[in-house]
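Chemist: Structure incoming, see below.
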Amino acid sequence: MQSSLSGKRQWKDAWVALLFLLPSLVLFAVFSFYPMVSAIRLSFFKWDNLAFPPVFNGITNYIQLFHNDRFWNSLRVTFEYMLGVTSTSIGFGLILAVFLNNRYLVWKSLWRVLFFLPTVSPTIAAAMVWILLFNPTFGYVNTLFRQIGIQGPNWLSSTAWALPTVMSLGIWRRVGFTVIVYLAALQAIPNEYYESAQVDGASSWRSFLHITVPLVVPTTLMLITLGLIDSFLVFDQVLVMTRGGPAGATEVIGQFLYSDAFTLFKMGTGSAIAVVTLVIIASLTLLQWRTVGFGRSVE
């Protein structure tokens, strides 16, 4: 009798929970799930003229995409951006988080706010500032170089320097988020670990390598995954700063998709690019979790 009542109560709680979740599930279905399914469906159609209905062409869009040099170039640029921005922001973020976690540091809250400000700054506004900073004639970066006798390059018009310049904006924006996440992880580490290491004669550097780094590995894995996803979604700063140029040096996958779908109106090809991007992100994320296994080893 008691188990029957307990089962009924569980069902009632489940229905109540579902009722509260229903608005969010409806919004997810309408604005996320349905567009995703529609994009997958449209990727099997040829739709280059919005005045005419789509025409089914099977996997032709995917075949053409994989034979397109611009697609492979945009994929290479995206991976370069991902590796550069993610690795640098995680490295700097951890170092800054350790610095801000120091018990003797004054004005901790102010420092944390200042480091987090780039994360909440509008991307378009930040990109416009970056264009001014790296202007070859009157930009502050080249002006500083001239003061020390170095002639700075034309940053955003150089095939060698355009991508690093765009990446520097991505790093600047991402470091603040990384710092805050690492700070939360560092504050969860018991101070007794460091005290024991100090008693045993371990230096600050060895404590960092053998205590801090291993214990924040799950956080690092999460930041790598988020960085991977964020890198494949980068678009607005590239559109404002370089529009994918010069000569495709900064054309990330998002810029390539935008160009094909909304400039050339190749909606079928654009949908195929979106589907391939989704598969790449999902595959890399699953591969990362299965092969690294950081979370399970630390727990």
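Where a number appears in this text, it was derived from the coordinates with a stated rule and is not lab data. Predicted model, so just to flag it, every value in this text is computed and none were measured. All Cβ positions, glycine included, derive from the backbone under ideal geometry; neighbour counts span all protein chains shown.
Chemist: Rank the residues Phe208, Phe177 as a footprinting-exposure proxy: fewest other Cβ atoms within 10 Å of their Cβ go first. If you can, show how the numbers build up before the last one.
Modeler: Details: Phe208 16, Phe177 20.
Going from least to most buried by this count: Phe208, Phe177.
Chemist: Next question, about the same structure. Any chance you could tell me what percent of the C-alpha pair distances in region 16-153 go past 26 Å?
Modeler: Numbers: 6068 of 9453 pairs.
That fraction is 64 percent.
Chemist: Same structure, new question: For region 144-192, which semi-axes, largest first and in whole Å, follow from the square roots of 5 times the eigenvalues of its Cα gyration tensor?
Modeler: Working: eigenvalues 274, 42, 9 Å².
Equivalent ellipsoid semi-axes, largest first: 37, 14, 7 Å.
Chemist: For every helix of n ≥ 4 consecutive DSSP H residues, a contribution of -39,500 (n - 2.57) applies; sum these over the chain, divide by its total residues, and give [θ] at 222 nm rounded to the nearest 500 deg cm²/dmol. Intermediate results must be reported in sequence, preceding the final value.
Modeler: Details: 15 runs with 206 residues, N = 299.
It comes out at -22000 deg cm²/dmol, rounded to the nearest 500.
Chemist: Quick check on packing: order 47-55, 125-133 by the mean number of other C-beta atoms within 10 Å, highest mean leading. Mind dumping the intermediate values first?
Modeler: Working: 47-55: 11.7, 125-133: 15.6.
In descending order of packing, they fall as 125-133, 47-55.
Chemist: Let me check I have the definition right: for region 60-298, take the eigenvalues of the Cα gyration tensor, multiply each by 5, take square roots. What are those semi-axes in whole Å, largest first?
Modeler: Details: eigenvalues 264, 131, 39 Å².
After diagonalising the Cα gyration tensor, the semi-axes are 36, 26, 14 Å.
Chemist: Determine the sum of side-chain charges near Ser259: Lys and Arg each +1, Asp and Glu each -1, restricted to other residues whose C-beta is under 15 angstrom from that of Ser259. Mind dumping the intermediate values first?
Modeler: Details: positive: Arg70, Arg243, Lys266; negative: Asp48, Asp69, Asp236, Glu251, Asp260.
Charge balance in the 15 Å sphere: -2.
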